[in-house]
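Trainee: Have a look at the structure that comes next, please.
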Amino acid sequence: MNPNTTKITPALVAEHGLKPDEYQRILDLIGREPTLTELGIFSAMWNEHCSYKSSKVHLRGLPTKAAWVIQGPGENAGVIDIGDGQACVFKMESHNHPSYIEPYQGAATGVGGILRDVFTMGARPIACLNALSFGAPEHAKTRHLVSGVVAGIGGYGNSFGVPTVGGSVRFHSRYDGNILVNAMAVGLAETSKIFYAAASGVGMPIVYLGSKTGRDGIHGASMASAEFDDDSAEKRPTVQVGDPFSEKLLLEACLEIMEKGCVIAIQDMGAAGLTSSATEMGAKGDLGVTLDLDKVPCREEGMTAYEMMLSESQERMLMVLKPEKEKEAEAIFRKWGLDFAIVGETTPSKRFIVCHKGEVMADLPIKELGDSAPEYKRPFVTAQKLPVIDAGAVEARGSIADALERLIATPDLCSKRWVWEQYDYIIGGNTVQRPGGDAAVVRVEDGPKALAMTTDVTPRYCEANPFEGGKQAVAECWRNLTAVGARPLAITDNLNFGNPERPEIMGQFVGCVRGIAEACKALDFPVVSGNVSLYNETNGKAILPTPSIGGVGLLEDFTKSATLAFKQDGDAILVVGETAGWLGQSIYLREICAREEGAPPPVDLIEERENGDFVRSLILDGTASAVHDLSDGGLLVALAEMAMAGDIGATLDAPPDDIPAHAYWFGEDQARYIVTVAAGKVDAVLARARNASVLVSQIGKTGGETLALHGERALTVADLNRRSEAWLPAYMAGEA
């Protein structure tokens with residue numbers, strides 16, 4: 001079949017994910033029928049995954065600037081200034097559909113792609129994190145998907161040599177047919193040596209770097225922009241195959257030629273491969289690009305221009321090179337055993353021209369490929385507000401002690417050690433706090449500075465009230481960074497939703513984005529990078545709205561970071577923030593009362609900021625001995641986690657008379673922390689709190705081998721640990 005003579009039919013247009021009006025837009029733009037290769041290029045550039053056509057009108061409302069922001073959204077990754085001439089480069093992206101189809105390679109190449117986004121900017125990756133959402137444990141595919149995804153993340157990150165230091169894992173039936181795999185990478189660079197994608201200069205050589213091009217991943221971006229159906233397994237050929245060892249070589253070669261001053265512009269070949277990388281570099285530089293596909297290194301025979309332009313083979317880069325540095329750059333790449341080929345040049349024409357075997361396969365206006373992509377203001381409906389659950393009307397089910405034992409053994413609240421022990425979280429020697437705490441802490445080179453990092457979202461809140469859920473996701477991220485003593489600096493996001501053509505789904509998206517924006521503004525916590533993943537549904541059943549938030553904060557001295565573990569007997573246990581016993585959408589209501597209902601807890605951003613700043617001050621001046629933020633499961637679950645982490649018990653006071661005991665212990669009121677301090681410092685801390693207008697109350701003291709609740713049977717810390725650690729390994733072994 002000759003791609004230049006293939007008849008473009010309505011069926012072929014539909015196969016490429018383009019609607020009739022979008023195809024008409026193409027005809028109007030170029031004034032003729034496109035070639036098959038050109039149709040493929042438009043399909044890649046105009047799909048949801050690459051063009052953000054349903055979301056960008058709303059994303060413009062996110063705050064993206066601050067004095068410390070060097071690069072916000074629009075590049076491969078965001079960049080923030082962390083002082084001393086150093087920058088932190090980070091981003092989060094999804095690999096949801098590929099990971100459901102082929103969990104190992106889907107997750108592995110998700111890690112590989114996000115690492116390339118970071119080192120393309122000139123940064124050396126220092127950490128990876130993830131946010132994973134799986135279906136109900138009893139679903140037939142869940143165990144297989146958990147096993148494959150975790151193995152893929154570990155297999156790629158461990159082999160590449162970057163520590164995987166944090167993340168989250170949740171289970172819910174709404175992810176049965178569409179899991180979420182969100183990968184985040186963090187890197188370090190010099191502020192004076194950040195590299196961007198915009199090409200400059202006419203006649204500059206465009207160089208293909210890295211691994212050879214194959215047929216894997218063709219239409220990967222388009223597949224990521226479509227709903228699933230019962231035939232999702234047939235999409236397996238669209239899943240890329242990763243090679244972490246090649247990527248490690250690519251990292252070292254790229255950083256070396258950057259250090260040698262060879263690079264004008266550089267772009268990762270991610271979604272849509274050679275198409276997106278070439279057009280974005282040219283368009284950002286206001287230049288044209290000509291590619292000669294005869295020069296592209298291929299690992300398979302007889303590849304067509306269409307296949308080469310849409311392949312998403314991994315571990316590849318495109319670069320605009322300084323001509324005088326060509327030989328030096330090639331020698332470096334050959335030294336690392338990687339392909340290096342000049343495949344085109346920049347031109348003044350502002351045209352994107354693709355040649356193959358002496359024929360012009362594509363000749364398109366380069367800026368319009370991106371700029372003229374459809375931009376939709378899709379209709380949306382705001383969900384009705386759910387009623388506030390009256391804690392007094394929720395009947396307790398069993399004792400408080402019984403409820404705690406059940407909760408810490410549930411899939412969402414149990415220990416995730418089985419997951420993170422498959423990741424190398426200490427490689428590089430700079431991991432100060434390992435997975436399992438509020439946030440990971442990674443030393444910056446030899447210190448004393450360190451970066452704190454975390455991923456957070458509570459999808460059930462986002463569905464119940466998208467605006468409050470969006471606010472809460474950012475606030476919890478901010479709390480987790482604060483709880484280790486870090487000053488929160490910026491976030492990256494991964495906005496995972498269903499089909500935006502359904503007004504109720506679009507309403508979820510709009511509400512969450514507006515909530516995120518309000519929280520980021522109030523907390524001075526800008527968005528510097530991110531990803532939108534839509535059409536996450538199967539047979540019309542959407543996932544829970546899941547706007548994952550990845551946050552980064554700075555510690556000036558890593559030795560002052562706090563952990564959640566109780567440290568010694570006799571410390572006073574303080575709660576910072578107000579406890580009212582909010583049970584709506586709580587884990588207690590869902591797991592113990594079998595009621596997934598009600599309004600989620602409201603988020604007071606002024607209170608979040610005041611309480612967080614107060615807690616951080618206690619950490620940095622050495623007053624706090626342990627700190628933990630309160631979220632899923634409420635007060636008693638957090639206390640149990642602190643006791644288990646430190647292998648030290650606690651004696652707890654009776655709850656106040658005006659709050660039902662189960663609501664007090666398991667309510668999920670926001671803006672709260674547990675802080676332990678030496679007994680002799682309590683009065684001073686309470687006085688500081690009053691001066692700062694922060695509510696602090698003492699609820700007990702640490703010590704012993706049990707968690708002793710007033711009026712309840714004591715629970716041994718050893719038994720709590722056993723229950724918490726048991727479920728996930730047993731489940732993965734087929735025993736639970």
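The values are calculated or read from the model by the stated rules, or taken from the named source; none is laboratory data. These numbers come from a predicted model, not from an experiment. Cβ: placed from backbone, ideal geometry, glycine included. Neighbour counts: every protein chain shown. When the accessible area is computed, the model is the full protein with side chains, heavy atoms only, and any ligands, DNA or RNA have been set aside. Shrake-Rupley method; radii C 1.70, N 1.55, O 1.52, S 1.80 Å.
Trainee: From largest to smallest, what semi-axes in whole angstrom does region 237-391 give when each is the square root of 5 times an eigenvalue of its alpha carbon gyration tensor?
Mentor: 35, 23, 18
Trainee: Still on this structure: Percent of Cα-Cα pairs more than 20 Å apart in region 261-344, please.
Mentor: Of all Cα-Cα pairs in region 261-344, 33 percent lie more than 20 Å apart.
Trainee: For region 1-133, divide the Cα radius of gyration by the Kirkwood radius and give the resulting Rg/Rh value with two decimals.
Mentor: Numbers: Rg = 19.3 Å, Rh = 18.1 Å.
Computed over Cα atoms, the ratio is 1.07.
Trainee: Related question: Tell me the relative contact order for the chain as a rounded percent, counting alpha carbon contacts under 8 Å between residues six or more apart.
Mentor: Over the chain, the number comes to 15 percent.
Trainee: Could you tell me the distance between the Cα centroids of region 673-707 and region 619-635, to the nearest Å?
Mentor: If you average the Cα positions of each part, the centres end up 10 Å apart.
Trainee: Let me ask another. If you roll a 1.4 Å probe over region 1-108 with all protein chains in place, what percent of the accessible area is carbon or sulfur?
Mentor: 53
Trainee: Let me ask something else about it. For region 225-366, give the percent of accessible area contributed by carbon and sulfur heavy atoms, probe 1.4 Å, rounded to a whole number.
Mentor: Here it works out to 51 percent.
Trainee: What is the log10 of I(q)/I(0) for the chain, computed with the Debye formula using one identical point scatterer on each Cα and no solvent, at q = 0.08 Å⁻¹?
Mentor: Scattering profile of the chain, log10 relative to I(0): -0.62.
Trainee: Roughly what would the spin-label model give for residue 377 and residue 539, points 7 Å off Cα along C-beta, in nm?
Mentor: Result for the modelled spin labels: 3.8 nm.
Trainee: Still on this structure: Can you list the residues, at least 5 places off or on another chain, whose amide H is less than 5 Å from the amide H of residue 599, using H built in the peptide plane?
Mentor: 388, 389
Trainee: As an exercise, use a Förster radius of 51 Å and the Cβ-Cβ distance of residue 613 and residue 733 to find the FRET efficiency, rounded to the nearest 0.05.
Mentor: 0.70
Trainee: Still on this structure: Tell me, what is the Rg over Rh of region 602-736, with Rh the Kirkwood radius over Cα pairs?
Mentor: Across region 602-736, the Cα-based Rg/Rh ratio is 1.00.
Trainee: Taking θ = phi - 60°, what integer Hz values does the Karplus form 6.51 cos²θ - 1.76 cosθ + 1.60 yield along region 86-97, in sequence order, with x for Gly and Pro?
Mentor: 10, 10, 9, 10, 7, 6, 10, 9, 9, 9, 6, 4
Trainee: Which parts of region 98-124 would a label at residue 335 reach, counting a residue when its backbone N lies under 19 Å from a point 7 Å out along Cα-to-Cβ?
Mentor: Within reach of a label on residue 335: 122-124.
Trainee: A further question on this structure: For region 31-90, divide the Cα radius of gyration by the Kirkwood radius and give the resulting Rg/Rh value with two decimals.
Mentor: On the way: Rg = 17.3 Å, Rh = 14.5 Å.
Ratio of gyration radius to Kirkwood radius for region 31-90: 1.20.
Trainee: Moving to a separate point now. When the solvent-accessible surface of protein heavy atoms is calculated with a 1.4 angstrom probe, in what order do 144, 139 fall, highest first?
Mentor: Listed by decreasing accessible area, they come as 144, 139.
Trainee: Using the C-alpha gyration tensor of region 574-633, what are the square roots of 5 times its eigenvalues, in whole angstrom, with the largest one first?
Mentor: So the equivalent ellipsoid measures 28, 14, 7 Å along its semi-axes.
Trainee: Can you give the three extents of the C-alpha atoms in region 436-575 along their principal axes, from longest to shortest, in whole Å?
Mentor: So the three principal-axis extents are 53, 35, 28 Å.
Trainee: Quick one: pull the percent of accessible area on region 597-736 belonging to carbon and sulfur, 1.4 Å probe, ligands and nucleic acids left out.
Mentor: Solvent-exposed carbon and sulfur of region 597-736 make up 50 percent of the total.
Trainee: So what are the radius of gyration and Dmax for the Cα set of region 488-565, in Å?
Mentor: Gyration radius and largest Cα-Cα distance of region 488-565: 16.0, 51 Å.
Trainee: Regarding region 503-613, what whole-number volume in Å³ per residue does the convex hull of its Cα atoms give?
Mentor: Details: hull volume 21.8 nm³, N = 111.
Spread over its residues, the Cα hull of region 503-613 gives 196 Å³ apiece.
Trainee: What ranking of 204, 308 comes out by heavy-atom accessible area, probe 1.4 Å, highest first?
Mentor: Ranked list, largest accessible area first: 204, 308.
Trainee: Counting each DSSP H run of 4 or more residues in the chain as -39500 (n - 2.57), what helix-only mean residue ellipticity at 222 nm follows after dividing by all residues, to the nearest 500 deg cm²/dmol?
Mentor: The helix-only estimate for the chain comes to -10000 deg cm²/dmol at 222 nm.
Trainee: Mind jotting down a quarter of the surface of the convex hull over the alpha carbons of region 666-736, in square nanometres, one decimal?
Mentor: 7.5
Trainee: Okay, next question. Just to be sure I understand: if I project the alpha-carbon convex hull of region 381-432 onto a plane and average over all orientations, what area do I get in nm²?
Mentor: Mean projected area for region 381-432: 8.3 nm², to one decimal.
Trainee: Moving to a separate point now. Quick one: if the Förster radius is 45 Å, what FRET efficiency do residue 567 and residue 151 give, using the C-beta to C-beta distance and rounding to 0.05?
Mentor: Given R0 = 45 Å and the Cβ-Cβ separation, E is 0.80.
Trainee: For region 577-736, give the share of DSSP beta bridges that are antiparallel, in percent and rounded to the nearest 5; count only bridges with both residues there.
Mentor: Working: 10 of 13 bridges.
Percentage antiparallel, nearest 5: 75.
Trainee: Take region 326-409, drop everything but the C-alpha atoms, weight them equally and run the Debye formula without solvent; then report log10 I(q)/I(0) at 0.12, 0.18, 0.19, 0.27 Å⁻¹ to two decimals.
Mentor: -0.71, -1.07, -1.07, -1.25
Trainee: When the Kirkwood radius is taken over all Cα pairs of region 360-506, what Stokes-Einstein diffusion coefficient follows at 25 °C and 0.890 mPa s, in µm²/s? All intermediate terms of the calculation are to be shown ahead of the outcome.
Mentor: Working: Rh = 20.2 Å.
It comes out at roughly 121 µm²/s.
Trainee: Return the long-range amide H neighbours of residue 626 (sequence gap of 5 or more, or a different chain), with a cut-off of under 5 Å between placed amide H atoms.
Mentor: 676
Trainee: Roll a 1.4 Å probe over the protein chains and send me the accessible area per residue for the chain in Å².
Mentor: About 34 Å² of surface per residue is accessible.
Trainee: OK, next. Please report Rg (one decimal) and Dmax (integer) in Å for the Cα set of region 612-690.
Mentor: Every Cα atom of region 612-690 included, Rg and Dmax give 13.2, 36 Å.
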